[in-house]
Amino acid sequence: MTRRILLGSMLAVPALAQEAWPNRPIRFVSPFAPGGPQEVPARMIAEHLSQRLGQPVVIESKPGAGSAVGTQFVARETDGHTFLFTTTSFATLPAIMKDPGFEPFTDLVPVTLVSESSLLLAARADAPFADFAGLLAAAHARPGRISVGSAGIGSSTHLSMALLQNLARIELLHVPYRGVTQSLTALLSGDIDLWIGDPSIPASQLQEGKVRPLAVTTATRSLALPGVPAIGEFVPGFAVPFWFAMLGSRTTPPEAVAILMREMAALRIPDSALVRRMTAQGATVLLTGPEALTARLRQEIPQWKQVAAAAGITPE
């Protein structure tokens with residue numbers, strides 16, 4: 001009798017020890033330097049989840065190696081409460097690094113695409129070409145003479161321009177910088193001819209007329225810049241949305257993903273603060289769940305490997 005009671009109590013311990021998720025603070029790890037555009041939705045989602053889940057959601061920046069350092073950190077975590085809040089760079093890293101330090105389909109668990117938007121291709125106001133059609137003509141006439149700045153070798157801005165050159169059959173001079181703000185400074189000072197990046201970054205220069213928008217990278221025009229054409233209007237097949245996404249480590253329990261998606265559902269309604277803020281920046285809020293993110297990664301990871309190979313970018 002005593003043994004049966006003791007055995008029953010021992011079997012009951014694991015069940016009693018399991019706590020409902022979340023049972024500790026949640027971390028959003030951004031693999032970029034503080035102040036980037038990904039922090040806007042990250043902070044709004046963190047605040048919303050903190051109120052709904054009863055646990056604080058904190059944001060930590062762990063930059064380095066083109067977002068590989070922060071991504072590796074999350075991939076190694078085992079607490080089930082640490083999530084990667086990243087960008088398109090998650091799909092481009094395998095194209096430029098032989099060993100990025102993680103395997104995208106086994107070391108991390110997809111949670112959701114958060115939003116997607118256009119990148120903006122722009123020039124100075126005094127550029128010799130007035131629009132994107134003029135840029136194409138000038139690039140054909142002067143191969144390798146028109147320079148474009150990127151956020152670094154292998155960045156999404158670099159690979160976007162590599163895809164453009166491949167599809168449009170033009171040759172641009174690529175000049176890598178340590179970020180899009182540095183490349184914007186270079187554009188304004190006359191060091192480069194073209195800039196590509198998040199359109200919110202040169203917002204004041206666009207308003208002041210110092211920067212001339214040429215085209216956006218999504219398949220259709222941006223609601224925030226309706227007068228600016230999509231590159232695909234001139235170059236068939238070109239479409240490069242810039243997206244934000246959330247992923248957890250491989251130890252993330254399935255119920256955590258389900259709970260996060262349930263609690264974030266309110267952020268998708270048209271009048272939510274997140275939708276209003278992101279729409280004003282020309283972005284579309286998605287929050288479509290793990291299946292859509294998995295499908296996006298299975299499409300884009302091999303695509304960017306092909307683009308890098310065609311551009312002669314050797315993984316390091």
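So for the chain, averaging the separation of alpha carbon pairs under 8 Å that are six or more residues apart and normalising by length, what relative contact order in percent results?
Relative contact order for the chain comes out at 26 percent.
In percent, how large is the relative contact order of the stretch 139-248, given Cα pairs closer than 8 Å and 6 or more residues apart?
Computed value for the stretch 139-248: 23 percent relative contact order.
Pairing the Cα long axis of helix 290-310 with the longest principal axis of the chain, what angle in degrees results, from 0 to 90 and rounded to the nearest 10?
40 degrees
Find the accessible area per residue for the chain; the probe is 1.4 Å, ligands and nucleic acids are left out, and the unit is Å².
46 Å²
Along the charge dipole of the chain, Cβ charges K/R +1 and D/E -1, which of Ser222, Phe28, Gly197 sits furthest on the positive end?
Farthest along the dipole direction, towards plus: Phe28.
So for the chain, considering every pair of alpha-carbon atoms, how many percent are separated by more than 37 Å? Write down the numbers at each step before the final one.
Numbers: 10624 of 49770 pairs.
For the chain, the fraction of Cα-Cα distances above 37 Å is 21 percent.
Please determine, in degrees from 0 to 90 and to the nearest 10, the orientation of helix 156-168 with respect to the longest principal axis defined by the Cα atoms of the chain, where the helix direction is its Cα long axis.
Helix 156-168 and the main axis of the chain meet at about 50 degrees.
Shape of the stretch 217-283 from its Cα gyration tensor (a ≥ b ≥ c, root eigenvalues): rounded if a/c is under 1.5, otherwise prolate when a/b > b/c, or oblate?
oblate
Label Glu263 and Ser200 with points 7 Å out from Cα along Cα→Cβ: what is the distance between them in nm?
2.2 nm
Can you tell me which lysines have their Cα less than 29 Å from the Cα of Lys305? Leave out same-chain residues fewer than eight positions away.
Output for Lys305: Lys62, Lys98.
Leaving ligands, DNA and RNA out of it, rank Asp271, Asp131 by accessible area with a 1.4 Å probe, largest first. Before the final figure, lay out the partial values.
Details: Asp271 100, Asp131 80 Å².
Ranked from most to least accessible, the order is Asp271, Asp131.
Binning at 10 angstrom from zero up to the longest distance, how are the C-alpha pair distances of the stretch 184-262 distributed in percent?
Taking every Cα pair in the stretch 184-262, the percentages come to 15, 34, 23, 17, 11, 0.
How high is the relative contact order of the stretch 232-316, in percent, counting Cα pairs under 8 Å that sit 6 or more residues apart?
15 percent
Using a 7 Å offset from Cα along Cα-Cβ at Thr220, what residues in the stretch 84-121 end up with backbone N under 19 Å from the label point?
114-120
Considering only protein heavy atoms and a 1.4 Å probe, what is the carbon-and-sulfur percentage of the accessible area of the chain?
Carbon and sulfur together cover 55 percent of it.
The values are calculated or read from the model by the stated rules, or taken from the named source; none is laboratory data. Model, not experiment: these values are computed from the prediction. Here the Cβ is made from the backbone with ideal geometry for all residues, glycine too, and neighbour counts use every protein chain on show. Each accessible area value is taken on the protein alone, full model and side chains, heavy atoms only, with ligands, DNA and RNA left out. Shrake-Rupley method; radii C 1.70, N 1.55, O 1.52, S 1.80 Å.
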